[in-house]
1. What base-10 log of the normalised intensity I(q)/I(0) is obtained for region B:74-169 from the Debye formula, alpha carbons as equal point scatterers, at q = 0.17 Å⁻¹?
2. Kyte-Doolittle cut-off -0.5, length cut-off 27 Å along the helix's own axis using Cα: show which whole DSSP H helices in chain A pass.
3. Cα extents of region A:162-223 along the three principal axes, largest first, in whole Å?
4. Report, to the nearest 10°, how far helix B:53-64 tilts away from the longest principal axis of the Cα atoms in chain B, using its own Cα long axis and a range of 0 to 90°.
5. Would you mind checking the radius of gyration and Dmax of region A:208-281 based on alpha-carbon positions, in Å?
6. For chain B, what does the helix formula give at 222 nm: sum of -39500 (n - 2.57) over DSSP H segments with n ≥ 4, over the residue count, nearest 500 deg cm²/dmol?
7. What number do you get for region B:116-270 when its Cα radius of gyration is normalised by 2.2 N^0.38 Å, N = residues?
8. Counting only the heavy atoms of the protein chains, how much of B:Cys266 is accessible to a 1.4 Å probe, in Å² to the nearest 10?
Amino acid sequence: MRRITVGPFNRVEGDLEVKLDIDDGAVVSAQVTAPLYRGFEQILEGRPALDALTLAPRICGICSVSQSMAAAAALRAVEGLAPAENGTLAANTAHAAENAADHLTHFYIFFMPDFARDLYRERSWYGLIAERFTAMHGACVAEVLPARARLLEIMGILAGKWPHSLAFQPGGTTRAIDLGERMRLLAIIADFRSFLERVVFDDTLEAVLALDSAEALDRWRDGRGGDFARFLTLADDLALDSIGRGSAPLMSYGAYHGNAAPLFAAGVLDVTTMMRETLDIGTIVEDVSHAWMQSGPGAPALSETRPDPEKPDGYSWSKAPRLAGRPVEVGALARQVIDGHPLIVDLLRRTGANVKTRVIARLIETARLADAMETWVKAFRLREPFCHRPARRAEGAGVGLVEAARGSLGHWIELSGDRIRRYQIIAPTTWNFSPRDASGVPGPLEQALVGTSVGAEGAASVAVQHVVRSFDPCMVCTAH
Amino acid sequence: MHSSGFNVLWLQGGSCGGCTMAALEHGAGGWFAALETFGINLLWHPSVSEATAGDAIAVFDDIAGGRLPLHALVLEGSVLRGPNGTGRFNMVAGTGRSLFDWIKLLAPRADYVVAVGSCAAFGGVPAASTNPTDASGLQYLDTELGGALGAGFRSRRGLPVVNVAGCAPHPGWIMETLAALALGDLAASDLDMYGRPKFYADHLAHHGCARNEFYEFKASAEALSERGCLMEHLGCKATQAVGDCNQRAWNGGGSCTHGGFACIACTSPGFESGRNYLETAKLAGIPVGLPLDMPKAWFVALAALSKSATPRRVRANATADHIVAPPAGGGGRRKP
């Protein structure tokens, strides 16, 4: 057996190092390290309550709206405030735009370039894929980057700028939209839909959203252009449904909340039995036995973050969140399965959580978001307020739970005298890339890497790259 | 990878990745096309390069060993010097070395060193009190010269660290700075007192603000989402912070003040030390932070005068979230 270290692990958001024990050409054990700690939770302590809205989004430049939304929701929970309905619709629209932009960035900039590597030169699809997806120089970037920039014009209108906006407040959003702006938003969303239909799917969104089974997907794919079909073809050729398998339960806090039910439902699902379970937030704890962190109460509502760089068993700045004692996988796959999307449910039932199903779920979700954004923008009541003026409540505790592109994001806040006494964040990749817990149970990625064949390439193994990137990790969020 | 051109190595320290996300928004044809236009060759960038693990480390080693010319070293994110000067809070994966070490090793090899974002420039949010990781900018910590590279640091072409400050900076600020360096068109005299390129730092964020009419009459918004000036009550520092934010579009047409919230002076060293960002600090009812180059007494006198002359339309709109009083007369005189 030999141990190899993979890093710097690039084309993920932030810093990541992976140590693999290899035996007989396959991974037998993995150790995932978040090698960057900035101390946001410590910085937030003692600050005026609303400063969380300025500082917390700056945890992450790729999902700053998600961080804003979680911070605003946590403060709102303390205040017991209902936001303006328009503000909820506007925030959901901006949040969906960010999440869709993240899915695009992941697919085109982070994930697909690995298939343009030289080692796939002998594959029948190689020429086309290399021409299209080579990092920085592939033909796709000339279409994707302008489409992404156009999509993010939603932020210019609703949020002033992206990343790092202060538009998302406990009472709603800070910019009331007029009729002209509604039309501009609808035009941007239409351009995004057109990009998805032309470049990603080569079909109407309605047809894509109607796909309801693995067979339907296979039939649809045959002979189709578009980057989704290109991915499906190479995914089958490389059996991407056989690598990066996860057996941890899937979890979603529910996404795009409003006065009615969220757009995507909340819940937990056991992937081995396909049984749904109730999501009990109260059973969440963060284990620090293998994190460079001092021990303390594990419940996020009670704990503090104090680094301990010399901790003997530590190997990551990431804590190990557990739901009722178990690691869980979060992300688009979890969201879409828990929401009951028939295609994703069928794929999961057949092949489980793996590299292929994670990517498919992301692209299907992107199509759903394009649809939802249009509905929300049309629902603005333009003469009514976008932001309620909160009556500040300076004492108490609250939790803000949202779904970032990469999965479940929670902010736990406690205020005392309108100052932050405690601030705890559990980010999606903290769940997915958590280190082992006190019982030695590895986190979801650590489990998913086991069995991956690395052949003779060792650290350079592209299969390892596919597995890690299938989670679309955001390491800057992980240890924050 | 091009063998000729202007070689850039882009590293991320204690960063959120937001500067890269902003850069990826650049240009009608996309950031990569814009880089190519100016002959800029990304030797390696953590978010967008194919080279990973050993291949990436080989690029670092070749630069350190003088085998690969480095025209610009770009850092995004703060340099985390802690704990105890070890840099261990930010190890560069796969290298066993801290980012702090790598920066000290690579910066002397670079023709230019560029800090992208307020973290790399001045320390940024990770350096906010109590600065748990001993975060610093490359050549400043807050307004103090020094930082990770030292006050006297000059890159091989004789420039101090070029500070593209902003959180995140406008995509144009990043691209235009790199382009100007690649064309040899950026001199020390093009930088302001904090090393920020003057092409954007010689403006105030206030210039071109769509709320200017409200500012003129001191017709102020009292709560977020109202249309009036954000300076008197809601913490806006646009009259004190550098940036051409309101002269060029963010995300196709936005800006912070356009979005309905205050400028928090994210281009300024120490912005992270602010408190109550969306609330104006006042002494005896008068904002503490007044425009930098205006005597306080004059400001107070003019404000009182302009308040007394505020048109009813402007006053009504200032505290509304929608236009409630449109300009009278329809903008031109109709013939009877």
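1. Each listed q maps to, in turn, -0.65.
2. A:85-104, A:355-379
3. 46, 25, 20
4. Between helix and principal axis, roughly 90 degrees.
5. 16.3, 45
6. Using -39500 (n - 2.57) per qualifying helix, the result is -6500 deg cm²/dmol.
7. Compactness ratio reported: 1.11.
8. Roughly 20 Å² of B:Cys266 is accessible to a 1.4 Å probe.
The values are calculated or read from the model by the stated rules, or taken from the named source; none is laboratory data. Computed from a predicted structure; not experimentally measured. Virtual Cβ from ideal backbone geometry, glycine too; neighbours counted across all protein chains shown. Surface accessibility is based on the protein's heavy atoms, side chains included, excluding ligands, DNA and RNA. Shrake-Rupley method; radii C 1.70, N 1.55, O 1.52, S 1.80 Å.
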